[in-house]
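Participant: Encoded as C-alpha cells, here's the structure I'll be asking about.
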Amino acid sequence: MIEPAALLLASTLALATPLLFAALGELVHERAGVVNIGIEGLMLIGALAGMVGCHLTQSPFLGLCAACAASALAGGLFGVWVVWLDASQIVAGAALNILAVGVTGVAYRAIFGVTGAALAVPTFEPLTLGTDNADFVLLAPLRQDVLVYLALALVPLVWLVLFRTRLGLRLRAVGEAPDAAASVGIPVARMRWGAIIAGATLAGVGGAYLSLAYSNTFAEGMSSGRGFIALAIVVFGRWHPLGVLAGALLFGGATALQFDLQARSVAVSYHLMLMLPYVLTLVVLVFAGGGSGAPAALGQPRGAHDEGG
C-alpha cells in the first residue's frame, strides 16, 4: 500500500501546483478588495504564451518569462477596467475570460495553423535525485519539477508579505476599508493596480505550468475550469495562504484520486469520476462560502477619497 500512496501523493502535488499558483494570485487580488473571476482566462493566456515562447526559444525558462509578461499585460487590461474606469469587477472578469478564450484560440491557429497533431515543446524536467534512486518509488513525491517547489515556496513568502510587512498591511487596509486607507495617505488605486498585476502574473505561471511542465503542449481551453476552482480554493482557505495550500492539495488530491480510480477500473461511471473535482468545488462554496475571513470591501469600487486613480 505504501507505493500506491507515494504515487498518489506525487500526482496530487503535480495536479495541485497550477491551482496553487492561480489561487495565490487570486488571494493577492482579493486581499486588495478585487474579485477577479478572470483567473481562468489569465491561466489560458499564460499557457499559450509560455508554449509559444518556449517553442521560439527552445527554453522553458524563457517560455515562463513570456507567460508572466502576457498574463501581467492581460491583468493590466483588467486593472484599467476595474481601477481606472470603476467597472463591475464581476463583469470585467467575465469579459476577460471570454476574451482569453477567443484570443488564445485565434492566436494558436494563426501561429501554428489548424493541425490534428499537438505541437510538443521542451519542458521543465522533474528532479532525478540521483541515478541510483531514480527507480525508487517512495521518492516519487519528491521527484517534481522546479515549478512545484516554487509554488510551495510561495506560500510562506506570500504569508510573510501579507502579514509581516508594511506593504502587506497597506494592501490589507485597502481591501478592508479603502476610504479609511485613502484618508491616511495610502494610494488605493496604485495598491490595487500592483495587486492585480502581481496576482495576474501568478495565475499566468499556473497556466504556463500546464503547457511547460504538465503536458508540454497547448490545447484550446486547456485550463479546464481550474481558474474557477482557484476561486473556490480562496474561499475554502479563508483568504489565508496556508488555507489556500490546504485547498489546493485537497482539489489536487481529488483529481489524482479520479485518475487513480480510472486506472484501477473501479466500477464507477467514468463521467461521475470526471465530475468529482467540480462537485467538490460546489460543496466547498456551499459550506464555506458564508464563513468569515473575506475582506470587508471585497468587490467594491476604489475608495471615494482616493486621488491615485
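Every read-out reported here was derived from the displayed coordinates using simple, explicitly stated rules and does not represent laboratory data. Keep in mind it's a predicted model, so treat the numbers as computed, not measured. Note that we place each Cβ from the backbone using ideal geometry, even for glycine, and neighbour counts take in every protein chain shown.
Participant: Using +1 at the Cβ of each Lys and Arg and -1 at the Cβ of each Asp and Glu in the chain, identify which of ALA23, LEU62, PHE251 lies farthest towards the dipole's positive end.
Facilitator: Of the listed residues, the answer is ALA23.
Participant: Among LEU169, LEU285, LEU154, pick out the residue whose Cα is farthest towards the positive end of the charge dipole of the chain, where Lys and Arg carry +1 and Asp and Glu carry -1 on C-beta, about the Cα centre.
Facilitator: Final value for the positive-end residue is LEU169.
Participant: Compute, for region 2-288, the length of the dipole vector about the Cα centre, with Cβ point charges of +1 (Lys, Arg) and -1 (Asp, Glu) only. Units Debye, rounded to 20. Present the calculation step by step, with values, prior to reporting the outcome.
Facilitator: Details: 12 positive and 13 negative charges, 125 e Å.
Result for region 2-288 is approximately 600 debye, rounded to the nearest 20.
Participant: While we're here: Highest mean first, what order results for 228-239, 67-78, 153-164 on Cβ atoms within 10 Å?
Facilitator: Values: 228-239: 24.6, 67-78: 22.8, 153-164: 15.1.
Answer by packing, highest mean first, reads 228-239, 67-78, 153-164.
Participant: Across 10 Å bins from 0, what is the distribution of all Cα-Cα pair distances for the chain, in whole percents?
Facilitator: All Cα pairs, binned at 10 Å, distribute as 7, 27, 34, 23, 9, 2, 0 percent.
Participant: Right, something else. Report, in whole Å, the centroid distance computed from the Cα atoms of region 175-217 and region 20-67.
Facilitator: Computed from Cα coordinates, the inter-centre distance equals 11 Å.
Participant: Tell me what the chain gives for mean residue ellipticity at 222 nm when only DSSP H runs of n ≥ 4 count, each as -39,500 (n - 2.57), the sum divided by the residue total, rounded to 500 deg cm²/dmol. It would help to have the intermediate numbers written out before the result.
Facilitator: Details: 11 runs with 204 residues, N = 309.
So the helix-based figure for the chain works out to -22500 deg cm²/dmol.
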